Amino acid sequence: MTKVYDRLYVGSERDCFHSRPEWAVVHACKNPCHVNAVGYKGSLPKNHHNYLSLERGANLYLNIVDPDIPLFMPQTFVDFMNFSQKHYSEGMNLLIHCNLGESRAPSLALLS
C-alpha cells in the first residue's frame, strides 16, 4: 500500500480488506472483489442493477477490468467520485486498490 496524499492510498489485491474502522475501500477489480461481493460467476447481465458497481457500507466494488481497448463506462467514474468524496469528506482514510496496483487504482486516485 502506497500513501499518495493525506488519507489517500493506492494498493494491490494484497492490500484488500473489507472492514476497518476509519477506512473506506474502493475495490477496482472485477475479479475477485466485484464477483464475490455481487455473487456471480462469469459475466453479469448488463441490465443487472449492480453491473457497474455495488456500494456496501464503506466498500465500493467496481466491475472494472484492464482491457486492451478501453471499455470504461462513465457511470463507473460517477459512482467512484460520489463514494470517494463522501467518505473522504467524513475524515476517513481511502484505499483504492486493483489487482496489481499499477493502472486502475493509481488512475482513480488521480481523479480524487
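Any read-out appearing in this document is the output of simple, stated calculations on the displayed coordinates, not a laboratory observation. As the structure is a prediction and not an experimental result, all values here were calculated from the model. A quick note on method: Cβ atoms are made from the backbone with ideal geometry, for glycine too, and the neighbour counts reach across all protein chains shown.
Apply the a/c threshold of 1.5 to the C-alpha gyration tensor of the range 16-65 and tell me whether it is rounded, prolate or oblate. Prolate shape, in that a/c is at least 1.5 and a/b is the bigger ratio. For Leu52, neighbours were defined as the other residues whose beta-carbon sits under 15 Å from its Cβ, and their charges (Lys and Arg +1, Asp and Glu -1) total +2.
Where both bridge residues fall in the range 2-110, DSSP classifies roughly 35% of the beta bridges as antiparallel.
In the range 2-110, Cα pairs under 8 Å separated by at least six residues give a relative contact order of 43 percent. For Ser53, the residues whose modelled amide H falls within less than 5 Å of its own, excluding neighbours fewer than 5 places apart on the same chain, are Asn63. Between Asn59 and Val25, the built amide H atoms are under 5 Å apart, and every one of these is 5 or more places off in sequence or on another chain. Taking the C-alpha atoms only, the angle from helix 74-89 to the longest principal axis of the chain is near 20 degrees. For the range 2-110, the extents of the C-alpha atoms along the principal axes are 37, 28, 25 Å, listed from largest to smallest.
Ordering of 16-27, 72-83 by packing is 16-27, 72-83, highest average first (other Cβ atoms within 10 Å, averaged per residue). Cβ under 14 Å from Cys29's Cβ, Cys29 left aside: what net charge do those residues give with Lys, Arg +1 and Asp, Glu -1? Spelling it out: positives minus negatives among the neighbours equals -1.
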